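Please read the structure below before turning to the comments.
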Amino acid sequence: MIAGGLVLNSMKDNITQERLSGNFQKKTNARLVAEKGVFDTYNYLNEQLALHPEKSLEQLLVGMETAGNVPGLAGMAYALTLETSAGSNTLGLQSDGVRFDGKTVLKANFKLETGSSTSSSAFGRGIVGCDRVAISGSGKIDSYNSVLGDYGQILVDGSQNIAGNATVRTLNDNDLVELSGTGTIDGNVFAVGNVELSSSANITGNLYSNGAIHMFSNSTIGGDVFSYQHYFQQNGSVSGSIHANTYVKIEQTKVEGGIVSSGYITATGESIGGAMLANGDITLRQVSALGIAQTYGNYSQYEGSVDGVKAKQNVSLLTTNAIINNDNLAYAGVGSFAKEWSGAPDSDYLNPPYKVDPPEPAIPVVPPVEMLPIDDGVLDVSDPNDMTCDPLGIENQVLIVEDHAPHAKDLDVNDTGADTTVYTLSHTLGEFSRWPGSPGSKPTPIAARTAPFIGVDQPILMYDNANIKGKLEVKPGHHVVMFAKGNFIMSGASSLTIPENSSLTLIVKGDLIIGAGAEVITPPHGLTADGLPVFSIFSSYSGTGVYITGGVEQVYAAIYAPLTDIAISSSVGFKGSLLGKSVTVTGDGGVHYDEAIGDAEVGKVTVTSPPNLVFKGWQSL
């Protein structure tokens, strides 16, 4: 539509020229109206495609006008010739443009590319808190690949199975990422809302935010910073560059790269390793800058040094030891330069070649920071940065399962003194394989009921509440799906064991609690040979509903809980992935994201892209 409008405006502008230049301009206007025929066809087909995405190209062309003109301009018209081949989804479009006795023929090629279906793991790529992520303590957020072995395992090349590919991400507007304590995120942070770092929190990768970024108390960034609003840092360092839309203000902060701001830049102390570019004022106090400072506003410097200055407005050097290296200065406004101790004005900078006339000095355009995508509920699998909080519609999925569990009963697994109680889960049956009580008091086994979950009909073991104070185990070689209509709680010296070549998919409508004394024992490889996470948790609970408060070993799980507040508090750590409405991580254990979960088969989301009419170029005639 835009291209067609531009063509029409060009035609109207050229009518006057036509009267002056005769046949040549008639030929030009004939070409413009021929182009209009091409653009009109393109717009028409796209409109029809949006209304009828199921139709073939031949069906979309039925009823299309093959002639047109330019409203208000006599003698300007186009005629269309359509060439299609059945089943090829290609269109050869010839447009004959006429302006009085001037004529131009254009031919354009188009192809209707059908929609494609692709899949993406529904589990979060790292730590995803749709509304909020809060990390405190001294733990480390990092990654590993369980395909290679357990976290921290020494690999065949002598390296450790530890990597810096963790991602901390929020998805919704007005959300918040908070980092406090002395922990480290070994990876990137993507925040749709604001970011706050305090204490000595560190990020080794890049930091992206649609909101404001505030950093205090010696925090460090190992990569680049992009803020859609403003950036403020007090102490610490940035190993890359800083780019913000509103302003950049840093105090006693070392920046190894450059700084770009659509507003102003203010820096006090330390050093800046690259160039500075701003639409607003640049103010430096006791800063050593190795690059040039360029501003569309004013430039002010108190002590320190800079590699050059270009300013569209005024320049002020407030002290005699405010140094511009190699006298690399150009400004178009008023110069104000500190006097020598003798009292004589430093007048060299008041005259050319330093003082220039507008439009000099030439300064690059300041590029804006692009906004991160906000969760719109639709997952664009072609965009690696796009995510949606709940692509599965988990509440509805759990309600469908619940409809198949009207008579679900509680599961209580309790050790009796020194006697151990063991409850074994198989693909089709849940039963006590070790019962310390009398045989007559042993509960009846629970048979699985077939129910749909995430589009697949499968046997599911249905329970009301599950209270585990003994041993829960998955039978070797079995892939079990278990549903807790109420809560699932592990407490005391309880344990859950999932052996090799086995998995447990746990669907919970109520609270899920893995207490401090509980133990979850899983294989070192996070995925089975079939691509199933060895332990996956799906929760539809609204509120704080997932608590992992410790354990004697690191707990491994792939957690999908987009409506739930997740709380991880552990001194031994968590392995897997986290996706929740909010995620709070405390303690010294940290979170170790398993990169293999990106290939998980459970929770796959299939997204079909719509068909698209693609311009394939002009054809010479």
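For this structure, a couple of remarks:
- Members of region 428-442 found to be more than 17 Å from THR505 (Cα to Cα) and of a type in the set (S, T, N, Q), listed by number: SER433, SER438, SER441
- Close pairs from region 122-143: first farther than 27 Å from ASP376 by Cβ, partner modelled with pLDDT of 85 or more and aromatic (Phe, Trp, Tyr), Cβ under 6 Å, at least 6 apart: SER143/TYR593
- Test result for SER609, within 24 Å of LEU392 (Cα to Cα) and either modelled with pLDDT of 95 or more or in the same structural domain as LEU506 (by TED's automatic domain parsing) (or both): no
- Any hit, region 259-276, residues being aliphatic (A, V, I, L, M) and part of a loop (DSSP other than H, G, I, E, B): yes
Residue by residue, here is whether (1) of a type in the set (A, V, I, L, M, F, W, C); (2) assigned to a loop (DSSP other than H, G, I, E, B); (3) at pLDDT 85 or above holds:
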residue	(1), (2), (3)
LYS339	no, yes, no
PRO353	no, yes, yes
ASP357	no, yes, yes
GLU360	no, yes, yes
PRO367	no, yes, yes
ILE374	yes, yes, no
PRO384	no, yes, no
MET387	yes, yes, no
VAL398	yes, no, yes
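The rows are residues; the columns are (1) surrounded by fewer than 17 Cβ atoms within 10 Å (Cβ to Cβ); (2) hydroxyl-bearing (Ser, Thr, Tyr); (3) at pLDDT 85 or above.
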{"residue": "GLY63", "(1), (2), (3)": "yes, no, no"}
{"residue": "SER88", "(1), (2), (3)": "yes, yes, no"}
{"residue": "GLY129", "(1), (2), (3)": "no, no, yes"}
{"residue": "GLY139", "(1), (2), (3)": "no, no, no"}
{"residue": "SER143", "(1), (2), (3)": "no, yes, yes"}
{"residue": "GLY149", "(1), (2), (3)": "yes, no, yes"}
{"residue": "ASP157", "(1), (2), (3)": "yes, no, yes"}
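- Summed over region 263-282, residues that are closer than 17 Å to SER227 by Cβ and among the polar types (S, T, N, Q) total 2.
- Every pair of residues 6+ apart whose Cβ atoms lie under 7 Å, when the first sits in region 474-500 and is of a type in the set (Asp, Glu) while the second is buried (at least 17 other Cβ atoms within 10 Å of the Cβ): GLU500/PRO523
- Per this entry, ILE507 is not counted among residues that are in the same structural domain as SER539 (by TED's automatic domain parsing) and surrounded by fewer than 23 Cβ atoms within 10 Å (Cβ to Cβ).
- Residue selection: VAL147 satisfies the criterion of being outside any strand (DSSP E or B) and more than 20 Å from LEU563 (Cα to Cα).
Yes/no per residue for (1) in contact with a helix residue (DSSP H, G or I) (Cβ under 9 Å, 6 or more places away or on another chain); (2) more than 18 Å from ILE489 (Cβ to Cβ); (3) crowded, with 24+ Cβ neighbours inside 10 Å:
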{"residue": "ASP511", "(1), (2), (3)": "no, no, no"}
{"residue": "THR528", "(1), (2), (3)": "no, yes, no"}
{"residue": "PHE538", "(1), (2), (3)": "yes, no, yes"}
{"residue": "GLN554", "(1), (2), (3)": "no, yes, no"}
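- Of residues in region 240-261 being among the polar types (S, T, N, Q) and crowded, with 19+ Cβ neighbours inside 10 Å, the one farthest from GLY304 (Cα to Cα): ASN245
- Among the candidates VAL62, VAL105, residue that is among the β-branched types (Val, Ile, Thr) and either closer than 19 Å to PRO611 by Cβ or without any contact (Cβ under 8 Å) to a residue 12 or more places away in the chain (or both): VAL62
- One residue alone among ASP224, ASP157 is more than 14 Å from the chain's Cα centre (by Cα) and without any contact (Cβ under 8 Å) to a residue 12 or more places away in the chain, and that residue is ASP157.
The values are calculated or read from the model by the stated rules, or taken from the named source; none is laboratory data. Quick caveat, the model's predicted, so the values are computed rather than measured. Reconstructed Cβ throughout: ideal geometry from the backbone, glycine too, with neighbour counts over all protein chains shown.
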